[in-house]
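The values are calculated or read from the model by the stated rules, or taken from the named source; none is laboratory data. This one's a predicted model, so the numbers in the text were calculated from it and none came from an experiment. Neighbour counts run over all protein chains shown; Cβ positions are idealised from the backbone, glycine included. Side chains included, ligands, DNA and RNA excluded: accessible areas come from the protein's heavy atoms. Shrake-Rupley method; radii C 1.70, N 1.55, O 1.52, S 1.80 Å.
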Amino acid sequence: MMSFPDSLAAIYARELTTLRLEVEAYPSEADLWKLVPGIANCGGSLALHLAGNLLHFIGANLGGTGYRRNRDAEFGDRDVPRAVMLQHIDDAIRVVPKTVAGLGPEVLDADYPDLVAGVRLNTADFLLHLACHLDYHLGQLDYHRRIVTGGAPLGGVVAPTRLWSAVKPD
């Protein structure tokens with residue numbers, strides 16, 4: 001049986017892999033940066049934000065990677081090449097699940113090492129929040145891509161069948 005950190009790490013791996021697939025599914029780099037009326041963020045900004053957020057809060061603050069976040073650039077930079085964006089996502093795929101899986105109860109049960117939005121949080125609680133934040137923006141990214149490109153949803157990328165515990169009955 002997998003531990004809570006292992007299970008959560010598997011969720012991060014699945015969702016970050018989905019993030020990569022979403023970015024790859026845009027037919028052109030220009031489509032990633034198209035703004036849509038009524039939608040605050042384009043696909044490129046969302047992808048940069050998700051990778052930067054997790055590389056900072058999990059990679060740097062819990063894993064000691066030394067990653068330096070530039071949140072303003074996540075939303076302000078435009079026309080970042082897809083290859084650069086995918087490298088940030090690949091860094092997150094490599095770092096985030098490994099860091100989360102390695103966390104013991106002494107870390108999970110303790111306060112997160114930094115204040116977040118001016119409040120102190122339990123680390124396990126904050127890790128669940130970060131997973132929900134990832135999924136919230138991943139859905140926005142999917143809708144942005146579909147609006148901009150007329151593309152279909154990516155089938156099965158967050159299906160329960162991709163969870164580590166999924167077993168077909170005999």
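Filtering segment 1-57 to residues that are in contact with a Ser or Thr (Cβ under 8 Å, 6 or more places away or on another chain), hydroxyl-bearing (Ser, Thr, Tyr) and not in a helix (DSSP H, G or I) leaves only Tyr26. Of the residues screened, Pro97 is not one that is modelled with pLDDT of 95 or more and more than 24 Å from Leu46 (Cα to Cα).
Scan segment 128-135 and give yes if some residue there is among the charged types (D, E, K, R) and more than 21 Å from Asn41 (Cβ to Cβ), otherwise no. Looking through segment 128-135, none of the residues is among the charged types (D, E, K, R) and more than 21 Å from Asn41 (Cβ to Cβ). Taken as a whole, the structure leaves Ala51 outside the set of residues that are among the hydrophobic types (A, V, I, L, M, F, W, C), without any contact (Cβ under 8 Å) to a residue 60 or more places away in the chain and open to solvent by 70 Å² or more (accessible area, probe 1.4 Å). Within segment 6-20, the set of residues being more than 12 Å from the chain's Cα centre (by Cα) and surrounded by fewer than 18 Cβ atoms within 10 Å (Cβ to Cβ) comprises Asp6, Ser7. Contact map, segment 18-44: residues that are free of Cβ contacts under 8 Å to residues at least 12 places away in the same chain paired with residues that are not in a helix (DSSP H, G or I), Cβ distance under 7 Å, separation 6+ or inter-chain. Pairs shown: Leu35/Cys42.
Condition check ((1) modelled with pLDDT under 95; (2) at positive phi; (3) under 17 Å from the mean Cα position of the chain (by Cα)) across all residues:
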residue: Ile39; (1), (2), (3): yes, no, no
residue: Gly52; (1), (2), (3): no, no, yes
residue: Asn61; (1), (2), (3): no, no, yes
residue: Glu74; (1), (2), (3): yes, no, yes
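A single member of His137, His129 is closer than 27 Å to Glu29 by Cα and at pLDDT 95 or above, and it is His137.
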